[in-house]
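Asks: This is the structure I have questions about; it appears just below.
The values are calculated or read from the model by the stated rules, or taken from the named source; none is laboratory data. All figures in this text were calculated on a predicted structure; none of them were measured in a lab. In this analysis, Cβ positions are derived from the backbone assuming ideal geometry, glycine residues included, and neighbour counts consider all displayed protein chains. To get the accessible areas, we keep the full protein, side chains included, count just its heavy atoms, and leave off ligands, DNA and RNA. Shrake-Rupley method; radii C 1.70, N 1.55, O 1.52, S 1.80 Å.
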Amino acid sequence: MRLSTSLFYQRAQDTLTTSQSRMDKVQLMLTKQTRILSPADDPIGNSQVLALDEKLAQNAQFDRNSITLENNLGREESVLSNMVDYVQKARSLAVNAGNGSLSAENRESIALELRNIEQALFDFTNAQDEAGEYIFAGYQNRIQPMEYDQATQSYAYRSDDGQREIQLSPSLHLPAGDPGSKVFNNLSTRADIDFTNGDNLVKGLKAPDRQTLKGYWDAGNADTQSATIEFVGGDYQIRDGGNNIVQGPNAYNPGDTITYQGLEIETSENVANGDAIDFDIGEPVSRNILTQIGDLASALENSGPEGKGFFTDEIDSSLSSFDDAITSLTNTQAKVGARLNVLESSRLSNTDIEIVNEKARADIADVDYSTAITDLIKNETIYSASQQVFSRVSRLSLFDYL
């Protein structure tokens, strides 16, 4: 067989190029630490690696989400803890304010401290995270949740009831916070009673059954939002705004407490036959913890000799509201703690899944260093030998044998 010079050099070049390509490929595997440099190297393995890469990236996002959620819950837990401390302090002050030996000046001092607690709690209800988002604002976390209405002298929740969630796994979403409407809003109902006649015959007023009072007001009309207590012949009877007798006649002794639509009206010992007590029932107002503290402070500030002296009812109401507030706050704390526990379990689970996925990916795609290094040395040897053979053969000539 005859070989032309060009064919001889072409075949030599092909041999060297093939050896060089094999050696380069092994070197690239070692550099990139993978045996799959292109889908053609292992089509099935490549598709598995892509799926595993997606899962690993998803796990990495879940890890970042868990850090965000942990920060949010930790911040909320801290704020709730401070709020519980302040409400407990307010409750202690309310108990102290009920001491009959205190003077009006003493009660004003307690009211001043309650005002400070009111302001501190107001700041906590509008607490923000490092991004300037309100913790207790639901979905509308850029809107200040609690605002003070000067006209009604009460606080109102302005945001929604939404609960933002953060995903920690393909199937697990945990709330990143709690809306203020569920934490510290609408804890009690304020009774609005105005005595238009006979207030000197009233010794005390309480509203222990505020739900009944609210239901009465909601079901009534303009004629039934007022009432009159009449004292006739040793008995009492109650007429509504339409002049209808709705209760009684019932036996009465001076100083008795009369119950009507959730109200308890303690009468004076000076009630005489023919006397009457007229009063209007205003719409009961739902109160949050801030409004409750403000109302108690106002009652104590106006409890001097010139006042009606009904601050004791406000104290009783506030004690019940403070207990409800503490219960709501501590229950929310418990929920936050439970979420943190679930978060930690989810984080451990994600770590385990990540380890499994990384091992599976390594088994499929990672280069075997001992095999790769052996192949590299082998291909380097082949390449070097090919160069030497070509060098010697290319110098052969018939003139060497003449």
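Asks: For the structure I just gave you, tell me whether Val342 is open to solvent by 20 Å² or more (accessible area, probe 1.4 Å), touching a strand residue (DSSP E or B) at 6+ places or on another chain (Cβ under 9 Å) and over 30 Å from Gly294 (Cβ atoms).
Replies: Yes.
Asks: Those residues that are under 11 Å from the mean Cα position of the chain (by Cα), among the aliphatic types (A, V, I, L, M) and part of a loop (DSSP other than H, G, I, E, B), I need them from region 162-180; list them, please.
Replies: Hit for region 162-180 is Ala176, nothing else.
Asks: As an exercise: evaluate Asp192 against (1) assigned to a loop (DSSP other than H, G, I, E, B); (2) touching a Gly at 6+ places or on another chain (Cβ under 8 Å); (3) among the acidic types (Asp, Glu) and give the number of the one condition it does not meet.
Replies: Asp192 satisfies every listed condition except (1).
Asks: Would you kindly identify the strands (runs of 3 or more DSSP E) lying entirely within region 223-326 that contain at least 2 residues that are at pLDDT 90 or above?
Replies: Hits in region 223-326: 226-232, 235-240, 245-251, 257-260, 276-287.
Asks: Name the residues in region 116-135 that are within 19 Å of Thr291 (Cα to Cα) and either outside any helix (DSSP H, G or I) or open to solvent by less than 70 Å² (accessible area, probe 1.4 Å) (or both), would you?
Replies: Ile117, Glu118, Ala120, Leu121, Phe122, Phe124, Thr125, Asn126, Ala127
Asks: If you go through region 334-341 one residue at a time, do you hit one that is among the polar types (S, T, N, Q) and modelled with pLDDT under 90?
Replies: no
Asks: Mind listing whichever residues of region 171-216 are aromatic (Phe, Trp, Tyr) and either in contact with a strand residue (DSSP E or B) (Cβ under 6 Å, 6 or more places away or on another chain) or modelled with pLDDT under 75 (or both)?
Replies: Hit for region 171-216 is Phe195, nothing else.
Asks: When you go through Gly74, Gly98 one by one, which is the residue that is modelled with pLDDT under 95, of a type in the set (Gly, Ala, Ser) and within 29 Å of Glu354 (Cα to Cα)?
Replies: Gly74
Asks: Mind checking which residues of region 136-158 are in contact with a helix residue (DSSP H, G or I) (Cβ under 8 Å, 6 or more places away or on another chain), assigned to a loop (DSSP other than H, G, I, E, B) and either more than 20 Å from Ala325 (Cβ to Cβ) or modelled with pLDDT under 90 (or both)?
Replies: Listed by number, the residues that qualify are Gly138, Gln153.
Asks: While we're on this one: Could you please tell me which pairs satisfy a Cβ distance under 6 Å, a separation of 6+ or placement on different chains, a first residue in region 236-257 that is over 20 Å from Lys203 (Cβ atoms), and a second residue that is surrounded by 15 or more Cβ atoms within 10 Å (Cβ to Cβ) and of a type outside the set (S, T, N, Q)?
Replies: Filtered contacts from region 236-257: Asp240/Ala227; Ile245/Arg239; Val246/Ile238; Val246/Asp240.
Asks: Out of Ile238, Ile258, report the one residue that is among the β-branched types (Val, Ile, Thr), surrounded by 17 or more Cβ atoms within 10 Å (Cβ to Cβ) and under 46 Å from the mean Cα position of the chain (by Cα).
Replies: Only one candidate passes the filter, namely Ile258.
Asks: Would you check if Pro175 is open to solvent by 40 Å² or more (accessible area, probe 1.4 Å) and either of a type in the set (D, E, K, R) or in contact (Cβ under 8 Å) with a residue 40 or more places away in the chain (or both)?
Replies: No: the conditions fail for Pro175.
Asks: Right, another one. Residue under question is Gln20, and the condition is that it be over 29 Å from Ser169 (Cβ atoms), in a helix (DSSP H, G or I), modelled with pLDDT under 80 and open to solvent by 90 Å² or more (accessible area, probe 1.4 Å); does it hold?
Replies: Criteria not met by Gln20.
Per-residue answers, yes or no, for (1) open to solvent by 10 Å² or more (accessible area, probe 1.4 Å); (2) of a type outside the set (Phe, Trp, Tyr):
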position: Leu263; (1), (2): no, yes
position: Glu269; (1), (2): yes, yes
position: Phe279; (1), (2): no, no
position: Gly282; (1), (2): yes, yes
position: Ile289; (1), (2): no, yes
position: Gln292; (1), (2): no, yes
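Asks: Out of the residues in region 66-92 that are touching a residue at least 24 places away in the same chain (Cβ under 8 Å) and among the hydrophobic types (A, V, I, L, M, F, W, C), which is nearest to Glu108 (Cα to Cα)?
Replies: Ala90
Asks: Consider only pairs whose beta carbons are under 9 Å apart and that are at least six residues apart or on different chains; among these, list those whose first residue lies in region 103-115 and is of a type in the set (A, V, I, L, M) and whose second residue is exposed (fewer than 15 other Cβ atoms within 10 Å of the Cβ) and outside any helix (DSSP H, G or I).
Replies: Here the result reads Ala104/Gly304; Ala104/Pro305; Ala104/Gly307, each pair linking region 103-115 to a residue that is exposed (fewer than 15 other Cβ atoms within 10 Å of the Cβ) and outside any helix (DSSP H, G or I).
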